[in-house]
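The values are calculated or read from the model by the stated rules, or taken from the named source; none is laboratory data. If you're wondering where the values come from, they're calculated on a predicted model, not measured in any experiment. Note that we place each Cβ from the backbone using ideal geometry, even for glycine, and neighbour counts take in every protein chain shown.
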Ligand SMILES: [Zn+2]
């Protein structure tokens with residue numbers, strides 16, 4: 001049975017977070033997804049979009065966790081914990097978080113992406129406007145960049161799609177320009193909407 005079929009069976013073809021039955025897709029729970037059913041959720045488009053992008057989070061939508069956090073599926077518990085942690089400025093979310101019990105192994109998994117460790121401690125890649133950058137974002141160069149060793153200038157205004165973040169240096173991102181993977185300083189880019 002494919003992972004997707006197994007997830008449909010487990011969830012009775014419902015979003016495992018909010019219960020809707022449309023626009024369902026497989027969400028691999030980071031980090032280290034291995035494609036196994038245990039590390040995946042079946043989620044709807046709305047949940048998936050908000051899990052992936054902090055800016056899109058609509059707190060009201062996540063009241064669904066009131067029910068789904070009691071799931072016996074560790075992957076559901078992990079995502080519930082992460083979303084409640086992200087929303088813990090809301091009183092109701094903190095209340096749910098206080099009630100949510102995860103065993104040690106599941107809690108370690110839930111914390112593995114750094115959710116809840118606080119923005120100040122988590123290194124963040126920030127663009128020239130102070131917006132947080134995430135892997136996969138599209139950015140635009142804000143000045144002409146002379147690419148050392150590549151023999152070309154990346155022009156101001158060039159869009160760089162699908163950037164990756166350099167983990168050990170929050171001033172560096174990587175992206176493809178002119179077909180070449182180059183390192184770009186975050187202060188010379190602007191996140192594109
Ligand atoms: Zn959903």
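For this structure, a couple of remarks:
- Selected residue (criterion: nearest to the ligand (Cβ to nearest atom)) from residues of region 28-43 that are touching a strand residue (DSSP E or B) at 6+ places or on another chain (Cβ under 8 Å) and assigned to a loop (DSSP other than H, G, I, E, B): 29
- The combined condition, being within 17 Å of the chain's Cα centre (by Cα) and within 28 Å of residue 12 (Cα to Cα), is fulfilled by residue 77.
- Restricting attention to region 7-27 and to residues that are crowded, with 16+ Cβ neighbours inside 10 Å and farther than 19 Å from residue 65 by Cβ, the residue that is farthest from the ligand (Cβ to nearest atom) turns out to be 8.
- Qualifying residue in region 44-63 (condition: in contact (Cβ under 8 Å) with a residue 12 or more places away in the chain, farther than 25 Å from residue 191 by Cβ and outside any helix (DSSP H, G or I)): yes
- Residue check for residue 96: over 30 Å from residue 130 (Cβ atoms), more than 16 Å from the ligand (Cβ to nearest atom) and either in contact with a helix residue (DSSP H, G or I) (Cβ under 9 Å, 6 or more places away or on another chain) or outside any helix (DSSP H, G or I) (or both): yes
- Checking 140, 166, 147 one by one, the residue that is more than 22 Å from residue 15 (Cβ to Cβ), modelled with pLDDT of 95 or more and in contact with a strand residue (DSSP E or B) (Cβ under 6 Å, 6 or more places away or on another chain) is 140 and no other.
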